[in-house]
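**Q** Structure incoming, see below.
Bear in mind these aren't lab numbers, they're just calculated from the coordinates by the rules spelled out. This structure is a prediction, so every number in the text was calculated from the model and none was measured. Note: ideal-geometry Cβ built from the backbone for every residue, glycine included; neighbour counts use all protein chains shown.
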Amino acid sequence: MGKQDRWGLDVSTWAARLENPISARLRDPATTGYLGIVLGAFAAFIAIPPIEARTITWPTLVGLVAIALGIWTVTRGRRRLGWGAVASGLLGIGLGILATRSSAGNLNSAFDATLVAQTLGFATPLVFAAMGGIFSERSGVVNIGLEGMMLMGAFWGVYGADKGGSWVVGLLLAAGVGGVTALVYAFFAIQLRADQIVGGTAINFLAVGITGFFFVLLYNNSPIPNGVSLLPNVHIPGLPGFLGDSIGDLNILTWASFALVILAFLVLFKTTIGLRIRACGEHPRAADTVGINVYAIRYACVTLSGVLAAIGGMYLSEGPLGNGFFQFNMTNGRGFIALAAVIFGNWRPFGAFWAAILFGFADALALKLQVYSDSASTLFHVLPYVLTLVAVAGVIGRTVAPAADGKPYSKQ
Amino acid sequence: MTAPGQSPSPPAPPEPEFGDPGTLAARLAIKQRAGGIVVPIITVVLAIFISILVVAATEHSFHTSLLAFQEIFRGTGLNWIVHPTTNLQTSIPAYNLSQTLLQTSTLILTGLAVAFAFRCGMFNIGGQGQYLVGLLVANWIGVSFAGMNPLAHVLFAMVGGTLAAAAYAGIAGVLKATVGAHEVISTIMLNWIAYWTASWLLGVGGPLQDSSNPTSPVSKQVVPGARLPDFWGNQGFQGVHIGFFIALSCVVVFYVLINRTTLGYEVRAVGFNPDAAAYGGINVKKNLIRAMAISGAFAGLAGAIDMLGGTTNYQFGQLDIPFSQVGFIGIAVALLGRNTAVGTLLAAFLFGALLYGSFHGLGASSVIDPSLATNLTYIIQGLIVLFIGADVLILSVWNSRKKLRWRWGSKTVGAST
Amino acid sequence: MADDLVLEMRDIRKEFPGVVANDGVSFDVRRGEVHALLGENGAGKSTLMNILYGLYRPDGGEIVLKGKAVSFSSAREAIEAGIGMVHQHFMLIPVMTVAENIVLGTEPVKGGVFLDESAADKRVTEMAKSFKFAVDPDALVEDISVGQQQRVEIMKALYRNADLLILDEPTAVLTPQEAEDLFEILRGLQREGFSIIFISHKLNEVLEIADRITVLRRGKTIETVPREGATEESLARAMVGRDVLLRVEKEPAKPGDVLLEVRDLHVRDDRDIEKVRGLSFDVRAGEIVGIAGVDGNGQTELIDALTGLQKIESGTATIAGRELMHATARDALDAGVGHIPEDRQRRGLVLEFSIAENIALHDYAEPPDARFGWLFPGRMISRARTLIREFDVRGGGPLTRAGGLSGGNQQKVIAAREIARDPKVLIAAQPTRGLDVGAIEYLHRRLVTERDEGRAILLVSLELEEILSLSDRILVIYEGEIVGEHTGDVSEQQIGLEMLGGREKTAA
């Protein structure tokens, strides 16, 4: 029997929690806390399409319930979670009221089905990079260089599609370059036991320099031709209105990202190799003593993270938003948002996925809300970073990194 | 045997093996002791050497590559030594040197920022964000309050920028002290929060944007009364302003703080071993916050000085390294300089020279495509940081030299070392 | 006789930078025997076993396992050859379950790549039943007791079909009762034909469980003797090379005023679990009070509370009449508490600082070392020089990095610093852990000297021998409470029983 709460109920895992009787579950402060946060978000959601309630009553009511749950949670001991729910409730009421004040026309243009599509689109590169980050960190190697690896993918993906004539070539080249970049980082971090954050920062510098250098060298006088083979969208015919606009025309990589998340989860938590990877990240010496090759696993995971990050980066240039063009320092911090998603998602594939969706939503919203105010919508870009700060501040429970994350391992 | 819910503590982790220290500051200190000044020099030489090869490969000519690096050298203005003169208008080397010094003073400060945090065991990647904060606040103060006494105005703007950046960095310190949030994560997040906030502030329609220039994200000009005076050259032609001396004096301040004050003692103790520091009566949390704040102050001062002395308005999104990357280059500077006062000074000069030399020296010439120069700088920088992080490699090569010598000595009869 | 040998290690040599860990060690194990490897810290026992287990490569010598010469380059090879090792510091992953830890590396699979969790659970349960262990395969390792964790480690080895087991200081973390349970398990395994190598530095245990005993000293084999005929004294002499004073000579104590008064103290640890549950005791000037107990019963939290490093939940602690209320470390220091911490490298010293800076660790902000925030390194150095002389610290001068000193000298620096502050109460936690005999003798003598100077000394140690030989009064702590108090002669057995929570039955 694992951890118990003060009523003697098994609260060691969510599965156990779910098996407790409902009355007990409601008494569990963790449940009420999370519920409060969700209700706060829902309060804002009520005021926007599709529900689009136009009076402030509903958002306010729901928000008040959220605040109440938050206070309950605080008094039952989970202080940070409780105050988070209170904050969420307040925010929800505020946003809901704002939304009711705005014109219906603006609301409808901001909150329509394409918002979903754009959210998924913005999230795609993040998901790829985040999955890569999870593998790397779960094996015990911090990867601050995701940003640089994404950038490499963005450039070399276009180059490959251009010179190779097809996006497939671009994809392979991007993956390859990403892998090689990660391999270099892995060598320094694992073999030479260099400080991993310094190494990652170096990779980011190098990536900016290398991609910029070759961009100028190869394309300065003859820019990237129009009509370079792009990553294709997957058109699903015959879908009704909302579905059609939201998921009817998503990019192939977006669909691939969904599969990737499921795959990552299965590999990490259901296979033997996943068990070993996690062992390397928690207690490498223990893994070593049972005969696991810690170095090899770490090398493999870091290289994989480079491959995935590069593919995600390629989406930026070769996907629907990039249209086959590369710009200097194109990633502009997305690698760090992906890292934030990993942390926010507590190093779990589904957690990071939802975090990436949330962050993608913020980006999409920033674009849509330009209908209100061009400049203020820029501020939405800070959302992923603020949310991550909130996460590491432990509002949403503790984020627990793999125990040996970032510590170089040395056999003797 | 034990009450439910209580798990007895598992055995303590093994004692450090062969003196392997746990903290970041201790690891860096070991590297410093082991390599002295040789290792940084080798690192830089190696990085430049590889870059020469890169250029040679892409230009298909070793000669071109060497020429390129010669242009970089000319760009730094170091050849000013040969014909010293104070006339900036007529002497290109003098002008180059003056600009190099300007670049250096910024890097000194952002380097000191990172170095100070490292001394306390923390990795401040947020120098760029803190720099931005200092820059923006100084801009705002410098733009408003026109008609204020110039000395007071300048001081107010500088202090304001510095304190604002200190508070901004302090956020990361508070997060670390209270909830143990890793400062690398928090400062990275803060960097981007600052970036996007600046984007909003200076963007079209934003509060600090220069409304007379509606399509361009440029800040308003600082009023003439609030600018830092030049001591070499004149304002109009971008002379060297007294910010350079401010930066130099900060080097001294850094040294004194770290080595001669109780604050420095506490910072070092916490950096090397927070457990022992706590046991010794030192308030670890207070010091974490304090160190991050001081670190941010240095970076913010850099931003303030650049705003008040250099170009006196700021265009957002400028990809010019001087503004958009100085915080990150500060990391390289601190690492290369081994987090010491003098080391940071020298490393800042190296990077300042490298930056200005490749930007404008190489950029102005036609040896190779100028925009290649920008990126070359990034590559060199990246290589230096990469090798510094892995100076274990260089160290082991250096140490095996000694071992080889010893082995040779013992094998050869009567040989002297 | 020879084909009875399951293992022979001949003339093993292993060098590390600056030290010869194994210098021509020879050692063999018969089938079905428990063979103890005895030696002090640094004698080379762990190194030898790490070589056998494939974690180190020997620089010389050979290993013959079951008649065949072998050379392992990894733990995996040693495991495949039937060697299993239970490390002193458990190689278990806290956040994973018992079953996952046991099968790691040789997991049962289904469908080629997927982990077969139910098969793993089943195998673990079956194995536990056959060896009469009681473990829950789904429990997280961080949630089970230390004794159970050790059993999991043993099961790890058995799961991989080991027939030669190496146990490295297995009783270091166990209560006497748990140690007895372990011995039962070992005897059971012996009966099944397993051979066991038992590494220890505890004489009494070795005499209880081993069939043969090999003593190592400074990397060399000194002797191999059967259990019959060996005594604690003979073994100790072999371990150290001379007659060892197993008890410290001291005058009877002359206790004076109460300098440390603890009343109904309650302290919680960092995880908010109450670890000290209503402790009350006194320590007077001129006496040494020893607190005996198994690690984890509240000693650490008690010391943290007395030194201001942990909050006092309720109750009082008074130092020479001054109550420690909401005290910080600084307050405790000012009140007159001196503390020799149990982890000298983690708590007691900043290894990167010089000796002078370390000696100034408590007082760096006060004159003469500093004034108004300005440091005077020169004064720190001269003060350090005096103390180095007085405490006979060897290995460097005031400017030497503390990390460059040996363990014993590091401990002397700490002792010098604490004692030089003239504390009223001196708390010594595990003061001789990891030290060689010479340093141990010095520190014990010093503690007695300070006692005679009129200080109140609180000694907390996991080594019963140390407590018994130094203390004037002994308190036994169990689960955060004092369960026994003794003056005068008391047997180890009785203390051991109390450490476990049992109490002596009063004679009818």
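**Q** For C:P137, what charge total do you get from the other residues with a beta carbon under 11 Å from its beta carbon, if Lys and Arg give +1 and Asp and Glu give -1?
**A** The answer is -4.
**Q** Sticking with this structure for a sec: Amide H neighbours of C:F16 under 5 Å, counting only residues 5+ apart in sequence or on other chains, H built in-plane at 1.01 Å?
**A** Those lying under 5 Å, H to H, from C:F16 are C:A21.
**Q** Once Lys and Arg get +1 and Asp and Glu get -1 on their Cβ, which of A:A364, A:G40, A:L98 lies farthest toward the positive end of the dipole of chain A?
**A** My answer, from the dipole projection, is A:G40.
**Q** Same structure again: Tell me, what is the FRET efficiency for A:T55 and B:A152 to the nearest 0.05, using R0 = 60 angstrom and their Cβ-Cβ distance as r?
**A** 0.65
**Q** Divide by every residue of chain A the summed helix terms, -39500 (n - 2.57) for each DSSP H run of at least 4, and state the resulting mean residue ellipticity at 222 nm, rounded to the nearest 500 deg cm²/dmol.
**A** Roughly -22000 deg cm²/dmol at 222 nm, from the helical runs in chain A.
**Q** Additional query: May I ask you to sort B:Y356, A:Y185, A:Y295 by Cβ crowding, counting other Cβ atoms within 10 Å and putting the fewest first?
**A** A:Y295, B:Y356, A:Y185
**Q** Over all directions, what mean area does the Cα convex hull of the stretch A:113-392 project, stated in square nanometres?
**A** Value for the stretch A:113-392: 15.7 nm².
**Q** Let me ask something else about it. Roughly how big is the stretch A:113-392's charge dipole about its Cα centre, with Cβ charges of +1 (Lys, Arg) and -1 (Asp, Glu), in debye to the nearest 20?
**A** I would put it at about 660 debye.
**Q** Could you tell me which helices of chain C pass both thresholds, a Cα extent of 15 Å or more along their own axis and a mean Kyte-Doolittle hydropathy of at least -0.5, with helices taken as whole DSSP H runs?
**A** TM-like helix candidates: C:146-159, C:407-420, C:437-452.
**Q** Still on this structure: I'd like the FRET efficiency for C:F372 and C:T316, computed as 1/(1 + (r/R0)^6) with the beta carbon distance as r and R0 of 56 Å, rounded to 0.05.
**A** Efficiency for this residue pair is about 0.95.
**Q** Scan around A:A53 for amide H atoms under 5 Å from its own, H built in the peptide plane at 1.01 Å from N, and keep only partners 5 or more places away or cross-chain.
**A** Result for A:A53 returns A:A47, A:I48.
**Q** Which Cα, out of C:L447, C:L387, C:A335, lies furthest along the positive dipole direction of chain C (beta carbon charges, K/R +1, D/E -1)?
**A** C:L387
**Q** To make sure I understand the rule: partners must be aspartates and glutamates, Cα under 17 Å from the Cα of C:K220, and not fewer than 8 residues away in the same chain. Which ones qualify?
**A** List returned: C:E8, C:D11, C:E15, C:D23, C:D28, C:E40, C:D59, C:E62, C:D436.
**Q** Which of the residue pairs C:K122/C:K156; C:K66/C:K129; A:K407/C:K275 have a Cα-Cα distance greater than 26 Å in the structure shown?
**A** C:K66/C:K129; A:K407/C:K275
**Q** Distance from the Cα centre of the stretch C:248-289 to that of the stretch A:309-367, in angstrom?
**A** Here the answer is 58 Å between Cα centres.
**Q** A further question on this structure: About the Cα centre of chain C, what is the dipole size in debye to 20, counting +1 per Lys and Arg Cβ and -1 per Asp and Glu Cβ, all else neutral?
**A** Roughly 1360 debye for chain C.
**Q** Could you grab the relative contact order for chain C? Cα pairs under 8 Å, six or more apart, rounded to a whole percent.
**A** In percent, rounded to a whole number, it is 14.
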